[in-house]
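Colleague: My questions will all concern the structure given below.
Computed from the coordinates by the stated procedures, all read-outs in this text should not be read as laboratory data. Note that the structure is predicted; figures quoted are calculated from it, not measured. FYI the Cβ positions are ideal-geometry reconstructions off the backbone, even for glycines, and counts take in every protein chain you see.
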Amino acid sequence: MPSSATGLCGNASHRRSKSDGWKKSLVAPGCGDGRKELGGCEQLMKKIIALIAICLAIATTAFPAFAQQPAATPQQPAAKPQQPAATPQQPAAKPQQPAATPQDPQCTPENKLAWYNEFRQQFKGDTAKANELAKKWLACPEVAGEETQAAYLKNFVTLYEKANRKNQVSDLVYNKKDYPKAFEVGKAVLVDEPENLKVLIDLAYAGFASATAKNEAFTADAVNYAKKAMQLIEAGKAPDKWEPYLGKDDALAYLNNIIGQLTVQKNPSEALPNLIKVAQYESKLNKLPFTYATIAAAYEAGSYAKLSEEYKAKFGGKDETPESKLALENINQVVDRMIDAYARAVALVGTDAAQQAAKKEWMDSLSTWYKYRNNQSDAGLNEMVAGILAKPLPPVPTPITTLPTATPASTPTSGAVTAAGAPAGNAAASGTTPATPQPAPVTTTPAPATTTPKTPPATANKPKTPTPTPTPTPAPKPRTKRHHRDH
């Protein structure tokens, strides 16, 4: 399902989550004590929420094939309907019958006879035209003596439209954008053919597009259909034609995008693997900045929020211990994934106005997290952004169970605390540290043995429900608050 637009995000504003838990995660260093050196916690939070809305709106423009390549409307159905019985059983053309006063001036005996004769010529060849002729004949008042022809034509229309409804689903989805009707027709097809891959793909997109139009009635079905379609594709099944997708990988990218977008608001951690797959398949989606901004936000709203909350509950305000250092290492490797994803988003920004509007938000987030990991220095940040696209996208990190080997004092390990109370964080345990990191500044006064360890930045808001727009695009971007200072 190709897309034209701008990203995995969606452009709808949402009211904030009812759960205060997302707002009262870790108190960031500098936020709890009132310091605003990183721009203010509440401001950062508001920016994150706003960015989710920006991303989602743009998401609806990223399915190029949908917007620019409407599915062809075949003049003939892919599968021909079962043909009515051969000529011997076919009712012969009746002589002109005296008709009751017809409601339509065209419903004359002469016209009906002509339509019927033409139907008999066309029904084995141009079935679409034959169907139109049959429907035209049946629209006229029935006359006594025509019962046999009427029954025959009704049967033909029923068989034809049943066979043709698969094509009708595509037309309703990509051309007419009548998503409720598409689900009505598509579900009828799936009753007879539960593994009809083309219909499953079409309905998955229809549910996503409907959600972007603020109708989430089909969201659950769309996610289920997308998952089933992916299972069939990965098992070796393929539709007769991939259109409007460019091929297998393109279809898988969009199906993962649909699942990721429609689940990231409620469960960012669950959506993350799908969002990462979107970036791994070769399609237009892996070249859109919103794809990566959504990945960053999913990390932030999911695993980062969970780990930072746990860190606060267990180690907040306490002296550093091996256990707290290990917890911080796990947090830092998630932060490194966020830095990587935000850097990709910034690097891919084009001239599109919507992308330019989002770029500042992404750059602010990138700078904030980068400084957190590099002793409040942005040295090397521009160089990292310039080279980030040459590196592979890192996978979801595996939890660290043992502390990394200690490094010399001049380059303390990630999560160590300097005399000033800032994290050294020069090397991420995950191996995805920003390029050209700077070592922690050397201090003349050694840190006291009871130094309170650095608390990870706090995150507060759960991603909002997407308000996608008519033309699908990469997933909406969940945003969370982050505060990066000691508390």
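Colleague: For the range 161-269, what's the relative contact order in percent, using C-alpha pairs closer than 8 Å and at least 6 residues apart?
Modeller: Once normalised by length, the contact order is 21 percent.
Colleague: Also, quick follow-up: When 212, 321, 405 are ordered from fewest to most other Cβ atoms inside 10 Å of their Cβ, what list results?
Modeller: Neighbour counts put them in this order, fewest first: 405, 321, 212.
Colleague: So, one more: Hey, could you grab the Kirkwood Rh for the range 270-349? Inverse mean 1/r over distinct alpha carbon pairs, Å, one decimal.
Modeller: One decimal place: 13.7 Å for the Kirkwood radius.
Colleague: Report the full-extension gain for the segment residue 175 to residue 161: residue separation times 0.36 nm, less the Cα-Cα distance, to one decimal in nm.
Modeller: 3.2 nm
Colleague: Calculate, for residue 306 and residue 383, the FRET efficiency according to 1/(1 + (r/R0)^6) with r their C-beta to C-beta distance and R0 45 Å; round to the nearest 0.05.
Modeller: Values: r = 32 Å, r/R0 = 0.71.
Between residue 306 and residue 383 the formula returns 0.90.
Colleague: Calculate, in nm to one decimal, what residue 267 and residue 231 gain on full extension: separation in residues at 0.36 nm each, minus their alpha carbon distance. Walk me through the numbers on the way to the answer.
Modeller: Numbers: separation 36, 0.36 × 36 = 12.96 nm, distance 2.12 nm.
In short, 10.8 nm is gained.
Colleague: Please give the length that would be gained between residue 147 and residue 110 if that part of the chain were fully extended, namely 0.36 nm times their separation in residues minus their C-alpha to C-alpha distance (nm, one decimal).
Modeller: Gain on stretching residue 147 to residue 110: 11.6 nm.
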